[in-house]
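Working notes for the structure below.
The values are calculated or read from the model by the stated rules, or taken from the named source; none is laboratory data. Just so it is clear, the structure is predicted and the values come from calculations on it, not from any experiment. Cβ placement follows ideal geometry from the backbone for every residue including glycine, while neighbour counts extend to all protein chains displayed. Heads up: the accessible areas ignore ligands, DNA and RNA and are worked out on the full protein's heavy atoms, side chains in. Shrake-Rupley method; radii C 1.70, N 1.55, O 1.52, S 1.80 Å.
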Amino acid sequence: MEFNSGTGDLIYSFAEKLYPICRSITGDGLRQTLKILQSELPLVLHEVPTGTPVLDWTIPKEWNIKEAWVKGPNGDKIIDFRNHNLHILNYSIPVHAQMDLQELKKHLFSLPEQPDLIPYRTSYYKENWGFCLAHRQLEQLPDGTYEVFIDSSLKKGSLTYGELFIPGKLREEILFSAHVCHPSLANDNLSGIGLLTQLAKQLLEKNNRYSFRFLFIPGTIGSIAWLALNEEKIKNIKAGLVASLLGDSGSFTYKKSRRGDTEIDRIVSYVLSHSNKPYSIKDFFPYGYDERQFCSPGFNLAVGNLTRSQFGEYPEYHTSGDNLDLIQPIFLEESFQLFEKVVKCMDQNKYYRNLQPKGEPQLGKRGLYEAIGGQSDQKQLQLAMLWILNMADGQHSLLDIAIQSGIAFDLLHKISQILEKKELIEEIP
Ligand code: ZN
């Protein structure tokens, strides 16, 4: 499988397009986002009605918003949702009232330690209203009477998510998931959405061994809804990755699946360890993104979370600082290449059986030396052959052989194809 390059710019411009939309876990901003994704992918949109029980949760009312502002004592709009989606407490109920500063402050959210940034706050499951603003602005608000207006609605509707299934030769599937519920946050959701969109586009063009499933879902409630409504599909999920935080300058972080030693955990670790770049690998912990639902004990799927900076661990996290300046095409490109390497390794990590298992087959008489002739590193190529022939007992995958031998996976893959052609090994399905 060969992939196109230059996708960092495509992912970035897609993020630019999606950035201005006010998304939430339900509503028209979410729908509009998924419809834009449909212009790139044959994504199927699902609507799960308000009130539907999903595992221990219930699909909430649908939230939409048109306008929201606060007018100061002199009648000027001092906070306006039109200027930044993060100004509104996401899921704010409608309100139109006058109040003094002390009362208003109960509904204002700011970050004293980062006084120039607007925080991102939500109140999905407890009815409330509020505004988020820079702490520097909050400190300068004069006493007096304020007018507050929020033209939002919280009504029976549905939760929307997008799903794309790409059938492969095998029924076993690899799951990729990104959350799509954050408004105007670039690294935290748009980088993952854009990266998975490009990955899916490229996989759609190929004949794949595994099947692939892409989910573009609201965080937490979206994955819970998908798991609740698709239990029959879960048995086919062989591996998966939750994609997020992939456009910042931080080094890669892989959070393992709850099981910790599955094929996807070993492949991501292997690819990172051969990247010549700094990285870190963390054991599973039960917070973060949707891996915590996929890895809840009743499902316990082999799903990890691959990011650059880690969840909550960069200063712009969940603030207006997580904008289009924080992510860069060069980092998105590097992240994309990492994902494509993982997919490729998964695709090529096969099990073989040696068809001449008693003793070493005589390589010379089969023209094996000519088959690899002219190669600069003959010795390494021969070693690769001997390793594969010795360990091809149906119990060791190419990745196992790469790890044990120290020979690069790509080389082993190449040699395995030669040995297969010479009928010395056969793939075990
Ligand atoms: Zn987030």
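How high is the relative contact order of the stretch 351-428, in percent, counting Cα pairs under 8 Å that sit 6 or more residues apart?
Details: 81 pairs, mean separation 38.3, N = 78.
Here the relative contact order equals 49 percent.
Could you check how much of the accessible area of the chain is carbon and sulfur, as a whole percent, using a 1.4 Å probe?
Details: 8680 of 18560 Å².
Exposed carbon and sulfur together represent 47 percent of the surface.
Which order do the peptides 297-303, 403-409 come out in when sorted by mean C-beta neighbours inside 10 angstrom, highest first? Show your work: numbers first, answer last.
Working: 297-303: 17.1, 403-409: 15.0.
Going from most to least packed, we get 297-303, 403-409.
In deg cm²/dmol, rounded to 500, what helix-only [θ] at 222 nm does the chain give when every DSSP H run of at least 4 residues adds -39500 (n - 2.57) and the total is split over its residues?
Numbers: 14 runs with 134 residues, N = 429.
One gets -9000 deg cm²/dmol as the mean residue ellipticity at 222 nm.
Using DSSP to call loops (not H, G, I, E or B), can you name the GluC sites (Glu not before Pro) in the stretch 118-209 whose Cβ has at most 15 other Cβ atoms within 10 angstrom? Kindly include the intermediate steps, with their values, before the conclusion.
Values: sites: GLU127, GLU139, GLU147, GLU163, GLU172, GLU173, GLU205; in loops: GLU127, GLU172, GLU205.
Within the stretch 118-209, the qualifying GluC sites (Glu not before Pro) (loop, at most 15 other Cβ atoms within 10 Å) are GLU127, GLU172, GLU205.
Could you tell me the convex hull volume per residue, in Å³, taken over the Cα atoms of the stretch 275-409? All intermediate terms of the calculation are to be shown ahead of the outcome.
Working: hull volume 22.4 nm³, N = 135.
Hull volume over Cα atoms, normalised by residue count, gives 166 Å³.
Could you give the dipole magnitude of the chain about its Cα centre, charging the beta-carbon of Lys and Arg +1 and that of Asp and Glu -1, in debye to the nearest 20? Walk me through the numbers before you get to the answer.
Working: 45 positive and 52 negative charges, 232 e Å.
For this selection, approximately 1120 debye.
Write down the Kirkwood hydrodynamic radius of the stretch 351-428, to one decimal in angstroms, obtained as one divided by the mean of 1/r over all alpha carbon pairs. Show your work: numbers first, answer last.
Details: mean 1/r = 0.0815 Å⁻¹.
Kirkwood hydrodynamic radius for the stretch 351-428: 12.3 Å.
Looking at this model, which pairs from LYS379/LYS422; LYS35/LYS201; LYS233/LYS414 are more than 26 angstrom apart at the alpha-carbon?
Values: LYS379/LYS422 19 Å; LYS35/LYS201 16 Å; LYS233/LYS414 33 Å.
From LYS379/LYS422; LYS35/LYS201; LYS233/LYS414, over 26 Å: LYS233/LYS414.
Can you spot the aspartates and glutamates whose alpha carbon is less than 13 Å from LYS350's alpha carbon? Ignore those fewer than 8 places along the same chain.
The reachable aspartates and glutamates, counting only those whose Cα sits under 13 Å from LYS350, are GLU263, ASP393, ASP400, ASP410, GLU420, GLU426, GLU427.
Check cross-link reach from LYS66 to the aspartates and glutamates: straight Cα distance under 13 Å, and skip same-chain residues fewer than eight apart.
ASP28, ASP80, ASP151
Quick one: what are the phi-derived ³J(HN,Hα) couplings along the stretch 157-174, Karplus 6.51/-1.76/1.60 with θ = phi - 60°, whole Hz, x for glycine and proline?
x, 7, 9, 9, 9, x, 9, 9, 10, 10, x, x, 5, 9, 6, 4, 10, 10
Would you please give the residues with an amide H less than 5 Å from that of ASN208, counting only those at least 5 places away or on a separate chain, with H modeled from the backbone geometry?
LYS169
Give, as a single signed number, the net charge of other residues whose beta carbon lies under 15 Å from the beta carbon of ASP377, with Lys and Arg counted +1 and Asp and Glu -1.
On the way: positive: LYS379, LYS414; negative: ASP410.
Overall, the nearby charge balance is +1.
Less than 13 Å Cβ to Cβ from GLY219, Lys/Arg counted +1 and Asp/Glu -1: what total charge do the surrounding residues give?
Details: positive: ARG23, ARG292; negative: ASP188, ASP290, GLU291.
Neighbour charge sum, excluding GLY219 itself: -1.
What shape does the chain take by its C-alpha gyration tensor, where a ≥ b ≥ c are the square roots of the eigenvalues and a/c under 1.5 counts as rounded, a/b above b/c as prolate, and the rest as oblate? The partial results should precede the final answer.
Working: a/c = 3.01, a/b = 2.35, b/c = 1.28.
Prolate, because a/c is 1.5 or more and a/b exceeds b/c.
For the chain, what relative contact order do you get, as a whole percent, if you take Cα pairs closer than 8 Å and at least 6 residues apart? Before the final figure, lay out the partial values.
Working: 878 pairs, mean separation 72.7, N = 429.
About 17 percent, as a whole number.
Net charge near GLY194, counting Lys/Arg +1 and Asp/Glu -1 over other residues with Cβ under 13 Å of its Cβ? Display every interim value, and only then the final one.
Numbers: positive: LYS17, LYS201; negative: ASP9, GLU16, GLU40, ASP188, GLU333.
Taking every Cβ under 13 Å from that of GLY194, the sum is -3.
Measure out, as a whole number of angstrom, how far apart the alpha-carbon centroids of the stretch 124-198 and the stretch 244-279 sit.
If we compute the Cα centre of each part, the gap is 26 Å.
For the stretch 73-186, what is the accessible area per residue in Å², given a 1.4 Å probe and the full set of protein chains?
On a per-residue basis, 47 Å².
Over 24 Å between Cα atoms, which of LYS277/LYS344; LYS169/LYS365; LYS255/LYS277 qualify? Please report the intermediate quantities before stating the final value.
Values: LYS277/LYS344 19 Å; LYS169/LYS365 35 Å; LYS255/LYS277 17 Å.
Over 24 Å apart, Cα to Cα: LYS169/LYS365.
Using the Cα centre of the chain as origin and beta-carbon charges of +1 (Lys, Arg) and -1 (Asp, Glu), tell me which of GLY144, VAL54, ILE388 is placed farthest towards the positive end of the dipole.
Checking the options against the dipole of the chain, the answer is ILE388.
Write out the trypsin sites (Lys or Arg not before Pro) in the stretch 66-145 meeting two conditions: DSSP loop, and at most 15 other Cβ atoms within 10 Å of their Cβ.
Values: sites: LYS66, LYS71, LYS77, ARG82, LYS105, LYS106, ARG121, LYS126, ARG136; in loops: ARG82, LYS106, ARG121, LYS126.
In loop regions of the stretch 66-145 (DSSP not H, G, I, E or B), the sparsely surrounded trypsin sites (Lys or Arg not before Pro) are ARG82, LYS106, LYS126.
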